[in-house]
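Below is one structure; the comments refer to it alone.
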Amino acid sequence: MIIAIDGPAASGKGTLARRLARHFNLPHLDTGLLYRATAYAMLKKGEDLADHAAAVAAARGLNLSTLDPELLRGGEVGQAASIVAAIPQVRAALRDLQRDFASTPGGAVLDGRDIGTEICPEADIKIFVTASLSARALRRANELYGQTAEAHLATIRDEIQARDERDANRAVAPFHAAPDAVVLDTTELDRDGAFAAALSIVDVQARPLAS
Ligand code: DC
């Protein structure tokens, strides 16, 4: 069973994908980390994010087993990831790696922006996780700044909005819901509520698999 989870920044898709993977005992790939790691490698070397050849080399040089989510999770890396993710050759360089992961015998859970549309259009389950911009900004601010979240809210909101726009308007694999994805709006849901809703979606979408 392949489960494709797509959604914008801070929608809760990563948490949900990890939890579904644990529940169904499937391997999980956070594909945003691939774009983040590509951008991070370039930033570290002082390379220009608009340098397509350098970006492709960075993408090809990635090693799935050494990705460090802690190192890659900041807002600056997220913005940079969104910039390199708009380069068609970078997307092409990362495609096979994601498809190979998806073809793990028994299935896999992948989360990102184009899993249901480009990477695994044949996925058995497709969930498009979303939430209002304010809810997403608040979550991300709490995650990154805890007690002092309020002070960072406006900046984070602007960053997320800029990223949403760039991801949705790029020429290749623009971010949108697959027509056959079920939309899960988590604005009013806590983590447990979102997980319960996702399980119901899996249950309904997986029925044809069982028959
Ligand atoms: O999910 P995230 O915030 O870690 O993703 C960082 C950036 O990577 C995001 O702004 C767009 C890009 N991305 C993408 O284009 N396609 C994916 N499947 C995953 C992420």
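The values are calculated or read from the model by the stated rules, or taken from the named source; none is laboratory data. In this text, all values refer to a predicted model and were calculated from it rather than measured experimentally. Note that we place each Cβ from the backbone using ideal geometry, even for glycine, and neighbour counts take in every protein chain shown. These area figures cover heavy atoms from the full protein model, side chains too; ligands, DNA and RNA do not enter into them. Shrake-Rupley method; radii C 1.70, N 1.55, O 1.52, S 1.80 Å.
Of all the numbered requirements in (1) in a helix (DSSP H, G or I); (2) closer than 21 Å to R18 by Cβ, T187 misses one, and that requirement is (1). Output the residue which, of all residues in the stretch 38-89 that are over 18 Å from the mean Cα position of the chain (by Cα) and among the acidic types (D, E), is surrounded by the most Cβ atoms within 10 Å (Cβ to Cβ). Looking at residues that are over 18 Å from the mean Cα position of the chain (by Cα) and among the acidic types (D, E), I get E47. Among all residues of the stretch 72-80, there is none that is farther than 22 Å from F24 by Cβ, within 13 Å of the ligand (Cβ to nearest atom), among the aliphatic types (A, V, I, L, M) and in a loop (DSSP other than H, G, I, E, B). Do you know which of the residues in the stretch 171-182 that are at pLDDT 90 or above and open to solvent by less than 80 Å² (accessible area, probe 1.4 Å) is nearest to the ligand (Cβ to nearest atom)? Checked the stretch 171-182; the qualifying residue nearest to the ligand (Cβ to nearest atom) is F175. For V84, the stated conditions do not hold, so it cannot be described as closer than 27 Å to D190 by Cα, within 11 Å of the ligand (Cβ to nearest atom) and not aromatic (F, W, Y). When D6, D111 are screened for being within 11 Å of the ligand (Cβ to nearest atom), touching a Phe, Trp or Tyr at 6+ places or on another chain (Cβ under 6 Å) and at pLDDT 95 or above, only D6 passes. Please tell me if A92 is farther than 27 Å from D192 by Cα, open to solvent by less than 10 Å² (accessible area, probe 1.4 Å) and more than 12 Å from the ligand (Cβ to nearest atom). Spelling it out, it is not the case that A92 is farther than 27 Å from D192 by Cα, open to solvent by less than 10 Å² (accessible area, probe 1.4 Å) and more than 12 Å from the ligand (Cβ to nearest atom). Within the stretch 160-184, the set of residues being of a type outside the set (V, I, T) and under 20 Å from L16 (Cα atoms) comprises D164, F175, H176, A177, A178, D180, A181, L184.
When residues in the stretch 159-187 are screened for being more than 21 Å from D124 (Cβ to Cβ) and free of Cβ contacts under 8 Å to residues at least 12 places away in the same chain, 4 of them pass.
Within the stretch 9-25, the set of residues being open to solvent by less than 30 Å² (accessible area, probe 1.4 Å) and away from the ligand (no atom under 14 Å from the Cβ) comprises L20, A21. Taking the stretch 9-37 as the search range and keeping residues that are within 10 Å of the chain's Cα centre (by Cα) and among the polar types (S, T, N, Q), which one is modelled with the highest pLDDT? Taking the candidates together, the pick is T31. Scanning the stretch 23-39 for residues that are under 23 Å from R99 (Cβ atoms) and either polar (S, T, N, Q) or assigned to a helix (DSSP H, G or I) (or both) yields F24, N25, T31, G32, L33, L34, Y35, R36, A37, T38, A39.
Looking at the stretch 87-118 only, could you name the residues that are under 15 Å from L33 (Cα atoms) and either outside any helix (DSSP H, G or I) or among the aliphatic types (A, V, I, L, M) (or both)? Within the stretch 87-118, V90, A93, L94, L97, V109, L110, D111, G112, R113, D114, I115 meet the criteria.
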